Structure formats: C-alpha cells, structure tokens
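Asks: Dropping the structure in here first, questions after.
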Amino acid sequence: MRCTVQASLALHPERVLVATGQVGKEPYICVWDSYTVQTVSILKDVHTHGIACLAFDLEGQCLVSVGLDSKNTICVWDWRRGKVLAAAPGHTDRIFDISWDLYQPNKLVSCGVKHIK
C-alpha cells in the first residue's frame, strides 16, 4: 500500500519515522522510515473523511490521531501493532492540532475553533 495525499504529519521522537494521514473516503495513517521511505505500519478502518492531525507520545510508543468526521474522533494507537487503544469523540468544533501533555504523559491537549482543551 502506498501513502498518498497527506493531510497531517508527525515526526517520531527519534527523528527517523514519520506518520502521515490522508484525506479521502477511506483514509489511513502511514508510518514510514524517512531514510528508506519504506512503510513500517498502516493504521486504518477508524477515521472517515481524513486525518486532521497526528502526534507521537514522548517515548514514541503511541500515536494520537484526530479525524475529520463530524465528531472529530480522537484515537490513540499502538502504531506498531496497528491497533486502536482508545477512541472518543473530540471537541464539537474542528480540531486543528493535538499534542501529548509534557507534564502529564497520559493526557492530551487539543486546540481548534473556539477551544483549547
């Protein structure tokens, strides 16, 4: 599977792996090696319409994604296994960016239209 038409991008903490998210009817997230340009993992079958933003946690073990669906669905992935660890609706208004909280590693911070949460 080739990665095409990216909407979002996140750099792994070790600065070699990159995650990119697509826009489209059946979007997926592609984690790939920036040196070899080889796909490492494909994350799919959760988001619809596209992936608005992505972020690796500080250790690089988990990846969070935000969908472009009407609920701005937030998913936490075990990206190596291609499994969703948790999913929940996001803010009611569009989310532009998401990040892991530096001081509380199990919490997320998102920002977008009319909110910082």
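Asks: Just to verify a result, which residue in region 35-48, among those that are closer than 22 Å to residue 100 by Cβ and open to solvent by 50 Å² or more (accessible area, probe 1.4 Å), is modelled with the highest pLDDT?
Replies: Top of the filtered list is 40.
Asks: Something else: Test of understanding: among 56, 96, which residue is within 23 Å of residue 117 (Cα to Cα), open to solvent by 50 Å² or more (accessible area, probe 1.4 Å) and in contact with a Cys (Cβ under 8 Å, 6 or more places away or on another chain)?
Replies: So the residue among 56, 96 that is within 23 Å of residue 117 (Cα to Cα), open to solvent by 50 Å² or more (accessible area, probe 1.4 Å) and in contact with a Cys (Cβ under 8 Å, 6 or more places away or on another chain) is 96.
Asks: Here is a further query. Restricting to region 105-117, give me the number of residues that are in a loop (DSSP other than H, G, I, E, B) and either at pLDDT 95 or above or on the phi < 0 side of the Ramachandran plot (or both).
Replies: The qualifying residues number 5.
Asks: If you check 68, 54, 102, which single one turns out to be hydrophobic (A, V, I, L, M, F, W, C) and at pLDDT 95 or above?
Replies: Exactly one residue qualifies, and that residue is 54.
Asks: Let me ask another. Filter region 16-27 for residues that are at pLDDT 95 or above and surrounded by fewer than 18 Cβ atoms within 10 Å (Cβ to Cβ) and give the result.
Replies: The answer is 16, and nothing else.
Asks: Which count do you get for residues in region 72-93 that are surrounded by 12 or more Cβ atoms within 10 Å (Cβ to Cβ), in a loop (DSSP other than H, G, I, E, B) and within 15 Å of the chain's Cα centre (by Cα)?
Replies: 7
Asks: While we're here: Considering region 15-39 alone, what residues qualify as being assigned to a loop (DSSP other than H, G, I, E, B), within 18 Å of residue 77 (Cα to Cα) and over 14 Å from the mean Cα position of the chain (by Cα)?
Replies: 26, the sole residue that qualifies.
Asks: Give the residue that is farthest from the chain's Cα centre (by Cα), with candidates limited to residues of region 40-60 that are β-branched (Val, Ile, Thr) and in a strand (DSSP E or B).
Replies: Once the filter is applied, the top-ranked residue is 40.
The values are calculated or read from the model by the stated rules, or taken from the named source; none is laboratory data. This structure is a prediction, so every number in the text was calculated from the model and none was measured. Reconstructed Cβ throughout: ideal geometry from the backbone, glycine too, with neighbour counts over all protein chains shown. Please note that ligands, DNA and RNA were not included when accessible areas were found on the heavy atoms of the full protein model with its side chains. Shrake-Rupley method; radii C 1.70, N 1.55, O 1.52, S 1.80 Å.
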